[in-house]
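Asks: Here's a structure for you.
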Number of protein chains: 2
Amino acid sequence: MQETTALSELKSAFILHFGEMGSRWGINRTVGQIYALLFLSEEPLCADDIVTTLGFSRSNVSMGLKELQGWNLVTLSHRPGDRRDFYATPEDLWAIVRTLATERRKREIDPTLSKLRTLSMAPPSAEDAYAHQRITEARDLIEDMTQFHDELDQLETERLVALLKAGRKLQYFVQGASRVLPLPIRKKG
Amino acid sequence: MQETTALSELKSAFILHFGEMGSRWGINRTVGQIYALLFLSEEPLCADDIVTTLGFSRSNVSMGLKELQGWNLVTLSHRPGDRRDFYATPEDLWAIVRTLATERRKREIDPTLSKLRTLSMAPPSAEDAYAHQRITEARDLIEDMTQFHDELDQLETERLVALLKAGRKLQYFVQGASRVLPLPIRKKG
DNA sequence: GTTTTGTTTCAGAAATTCCTGAAAGTCGTG
DNA sequence: CACGACTTTCAGGAATTTCTGAAACAAAAC
């Protein structure tokens, strides 16, 4: 086992924060804290390391790790002659961001897109004219956004970061590419 | 009041779906359904319209509307000689997306960024070397992402959509602009 | 086949969140 | 300031989610 000593100030502050934020992120406190602990660990940890360090029940940790695996947010490893599973987070933070984006989309967007597609298929009655139009607009917008995500997700991290850093400057390239007329830059609200 | 008749199939399917998705979106079922109803309504609705249509208690609707106002997701309007508040969603779907992005960031990202800044300020002890480095990396990444969001948020909707539609093509412009060496395009996983 | 070491399931206790009806609050008008 | 029309607050019951310990399960070593 790794962590038998008490956590440092720094680590426990970070872990407690992630636990509290967990609820806003759709995961629970336990899972948030487990992820935070793994994130800060240089070495992979096994379930009992987490039990010892965070003081949750063994089964709670087991469930939490299972949920993190469901999110593809942890990697498993093993040691020779040791049957235990050791858990870690990806070294590359961008890999974590990509996974989060993909998994959140899977849970939060895709089911709605599918429902909107179904609903916009059926021809609307007269009383539903406006509602049908709204639903169709929403479907179109979400389709554009998910396609954009698909396309960005195919980029190398280097290129993705380069795009990110370019930020607002990107608009100039788009103008040339898609013949959008120049527009005044909106003042920050 | 507007809606005294039963909801159409289309509307109730949409509203029920939003209620169910609400939990994944960090809002509760009631709030999700209220928003869905407003979203599909051509005319603004008052609180009692919502009570009548959805069958929630008056106070629950009041709380729900208050929460939606806290998210800046609804607009208020009034009629001459009528003190009631009438609620509607923005006509422009992109305005809704922008608001959602801003508000989610405010709740989900900004508090963490602030915490990470504090934690990365303090000089780390030897045992915290790795943890401190991880925290600093996370802070840098989130700073880059929030700045990107700030910059995109300043763009006109036309330009934002043009960027979106350009998708992966954007990488070519970035290459030229930032002297990133050409890299092979990653195959879709 | 039994022991040893580790993981998972599951029923119910504990904690949290949601929802309601009743009471209190607000505000323009007579 | 009292009325009428509308909105908000709040205590507590209902529903849901989280967490635990005990038991079941799995698989390698003996």
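The values are calculated or read from the model by the stated rules, or taken from the named source; none is laboratory data. No experiment lies behind these values; they were computed from the predicted model shown. Ideal geometry is used to build each Cβ from the backbone, glycine not excepted, and the neighbour counts take in all protein chains shown.
Asks: Across segment A:1-50, which residue is farthest from DNA strand D (Cβ to nearest atom) among those that are touching a residue at least 24 places away in the same chain (Cβ under 8 Å) and of a type in the set (D, E, K, R)?
Replies: Here the residue is A:Glu43.
Asks: So which residues in segment A:119-130 are in a loop (DSSP other than H, G, I, E, B) and surrounded by 12 or more Cβ atoms within 10 Å (Cβ to Cβ)?
Replies: Going through segment A:119-130, the residues in a loop (DSSP other than H, G, I, E, B) turn out to be A:122-125.
Hits for segment A:119-130 are A:Ala122, A:Pro124, A:Ser125.
Asks: Right, here's the next one. Just to check your reading of the model, which residue among B:Val51, B:Val97 is β-branched (Val, Ile, Thr) and within 14 Å of DNA strand C (Cβ to nearest atom)? Steps first, please.
Replies: Numbers: B:Val97 fails: within 14 Å of DNA strand C (Cβ to nearest atom).
Criteria check complete, one pass: B:Val51.
Asks: Give the residues of segment B:51-86 that are touching a Pro at 6+ places or on another chain (Cβ under 8 Å) and within 9 Å of DNA strand D (Cβ to nearest atom), sorted by residue number.
Replies: Matches in segment B:51-86: B:Phe86 only.
Residues checked against (1) surrounded by fewer than 18 Cβ atoms within 10 Å (Cβ to Cβ); (2) closer than 26 Å to B:Leu164 by Cα; (3) among the β-branched types (Val, Ile, Thr):
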site: B:Glu42; (1), (2), (3): yes, no, no
site: B:Asp49; (1), (2), (3): no, no, no
site: B:Gly70; (1), (2), (3): yes, no, no
site: B:Thr89; (1), (2), (3): no, yes, yes
site: B:Asp92; (1), (2), (3): yes, yes, no
site: B:Ala95; (1), (2), (3): yes, yes, no
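Asks: Something else about it: Against the definition (touching a Leu at 6+ places or on another chain (Cβ under 9 Å), away from DNA strand C (no atom under 15 Å from the Cβ) and at pLDDT below 95), how does A:Leu73 come out, yes or no? Reasoning before the result, please.
Replies: On the way: touching a Leu at 6+ places or on another chain (Cβ under 9 Å): yes; away from DNA strand C (no atom under 15 Å from the Cβ): yes; at pLDDT below 95: yes.
In short, yes.
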